[in-house]
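The structure appears below as structure tokens.
Each reported figure results from applying straightforward, stated rules to the coordinates on display, with no laboratory input. Note that the structure is predicted; figures quoted are calculated from it, not measured. Note that each Cβ is placed from the backbone with ideal geometry, even for glycine, and that neighbours are counted across all protein chains shown.
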């Protein structure tokens, strides 16, 4: 009787359910490009500003002239939005054909979507040119991406400000660094800039302390197990805590972004408002857009992360990674061929000259590096003990993000050194 | 005192009147100054802004606004937002009016339950529903599709629409309806030909609210659209801010221009909103 | 009235001269079959209900479904964990703090925004020059999108930015704080921005309610010897009751909904000092690729909203709708 009396309600609900059931079965299959037919590749990269933006556009245009059947739809996406957009896209039916890929455990997670193209056979003949670093873009022994440049994280500093504070040389040990911080503060200069709002810059500090305290084998094993239980990880946290106690950062650092706007940590160094920043070599590509002083590059210098006396790790180890691209399965053969083009020596030289890449993946292009500071960085990268992939990339995304958040909270005074190490276990997968 | 016109008792309200004006001024300042900062900032260069954040443009720079107004991407954003907002508003108002009519002038068992169902929907913020909604849309294969945004927006506007329209429709006297029936109109005919025109102010109100809500929605389009070409204006603003982050002046210009459509629409419809709201709060 | 097969009966109802004899004028169509009415109801309600069920209620069902899995969005759904996600969320101090933050904002709205809004609405209700312009101006921030609001205030609140400069210029330099970077302050900064955006809407709502109160009532009280304040307190405000209750209802929505502004300005930081339930949901659910967990959080949110809605409807709004229920019904 009730149902009869409320046909409107019942019928409407049935309608809704039916509608959902019907449409749930449908899936809009993306049109697969026919082999040999004209193809448009949607390309996501993170160079939203020049010089990178124009450089990539030129490369796309050049490839298109050489291969008229392949056109590009280039979409620059801000770095911080990649972590949201990529998973969303990979779950949809229309992911980009080519997109920026930083390798490691994050790549492995994305491979689970089934949408990434296995490039092993397509790259077999030439990927060796890019050195052992290319292994960072493998998952389960198969190649899923190709790097176009490598990175290492170190200190970018203002020689003029160091001079002002009476600092003569780069700090060799962590105690030297603390002393330099004190001198800069005495000269009323913000010693260190950091983009804490974005979290990952904080992680660099913790991870470097880990590299100085933990032997390489321990680090590799623990990352693979997603469990940082060794005491050295806690010790690293304590080292960091000591350093943070010197209050080395700029005013309001917890709210400062890393690369966005003149008030970002990169902008602060570019404009001489802070003396140094622990950042990757990409700083050279980011800073020009933020600097009001066009000659800022002449005032910059670089030194590696100092050693920690008594630390059990490799005092020469570097933290870094690289940029690369991955193809999705709908991208046809054009994509791996395009990536080969990007990895070729001539294009690599173009990228370096245009300052879109700082340390090319193809060593044949190293001669294109002109900036003296970058030459210092390159020299260090070439002789470094080993270059550890940043942890949030090496770990699956969930664990990596949990770690970044724990470190960022640590910078804000929350949590213990042990808690930071344990945070990786929070991750789901 | 003449007996002709009843005079209002003169109230000794001087201090209170002054207070009103003072409060008015404070309100205007607090509200308008941030908006003005954005608009005027667009007329300066970033260097000027970094030098002295609070100064007026010197000289007045037109290139920021010109660059945006001539950029096809900006107008694309406006177009996308407009399409989605129009679809969402039309759906919300039409379906909402029909449902409000049923809920106000028909008696049936479970009516209050249905009404409660809709009003409870008022409290489910679109932002919260975003994750499962996204999963649902993905399942339906509707990502990158403007209807994937317009339909949920319409759905989420239904509760407020119905809550505002129902008292209005109820307030129309039953005699009017009876008279219409005597003249041979069906109930639905009464709805379309008499009730709807009478509910003008209320309809305008819900239309404006639904339009503004849709125009300003950020999270759902963020999840549904990856292709910049499909972006709506709020997405464009946030995206622009990160993309041109070093060019503060240009961001301010873009933000200022993004406010214009919404504000213009509001000025146009302002009177109706207040009129509509006062009818609904009465009953 | 006995119901037979609906459509056949409908066609058989005489509708006019076609039957041969002129039907008597009917004032109330008591003999009109309930089936036709039912059809009308169906036509009127079904579309709205379908849309509503499909896009507002269905997501809840979807969320409940995914919430019992551990799933990173890629690959098959195969890791059933039952209630583990719920337990994890409810015992996560970050989520607990997020709920706290939402409640703090809700409470502040009640305690700070409501009295100010009522006061301002009362003052603005007088006849004064430029009242129309004032209403326009006060409502404007509501119309501006949340994204624009967030971008705008993000720029203004930078250390050494516009707000700091203005404070220094008017001699209030010692008030300058790290509005967005100070964990103790950031939630209140968010509240201030939210107030800027929404207080106008509340004032207009209350103004509309005030205009519905006949002026004679207040005048009568004054004539009887009440002071202005007494008249306001005992006559105007009680009559404003229904409007205030709607204001509270909508304000709670806003407090629970808080996402866009916080996300763009601070992403919930620093150190989760400004996390809201919604930012937690997006951060954990999307950013960390934990869609099962995110769904569980969404379900918890729905539950909180639902309980509040039910309780509020029952206890606060019931009074206002009671009278309406008995007025002219069809």
Between the range C:87-110 and the range A:101-177, the alpha-carbon center distance in angstrom: 39
Between 0 and 90°, nearest 10: helix A:52-66 axis offset from chain A longest Cα axis: 50
Whether chain C is rounded, prolate or oblate, judged on the alpha carbon gyration tensor where a/c under 1.5 counts as rounded: oblate
Part-to-part distance (alpha-carbon centres) for the range C:34-49 and the range A:265-340, which is given in Å: 64
Gap separating the Cα centres of the range A:347-362 and the range A:218-234, nearest whole Å: 34
FRET E, pair residue B:56, residue C:126, Förster distance 45 Å, beta-carbon r, rounded to 0.05: 0.85
The protein assembly as shown - mean residue ellipticity at 222 nm from DSSP helices (-39,500 (n - 2.57) per run, n ≥ 4, rounded to 500): -18000 deg cm²/dmol
Residue C:78-residue A:185 pseudo-label distance in nm [points 7 Å out on the Cα-to-Cβ vector]: 5.5
C-alpha long axis of helix A:216-225 to longest principal axis of chain A, angle in °: 30
Tensor-based shape of the range A:209-351 (alpha-carbon gyration tensor, a/c under 1.5 rounded, otherwise prolate or oblate): oblate
Cα gyration tensor category, rounded, prolate or oblate, for the range B:72-282 with a/c compared to 1.5: prolate
Degrees, to the nearest 10: A:174-186 long Cα axis against longest axis of chain A: 80
Neighbour-count order for B:230, B:58, fewest beta carbons within 10 angstrom listed first: B:58, B:230
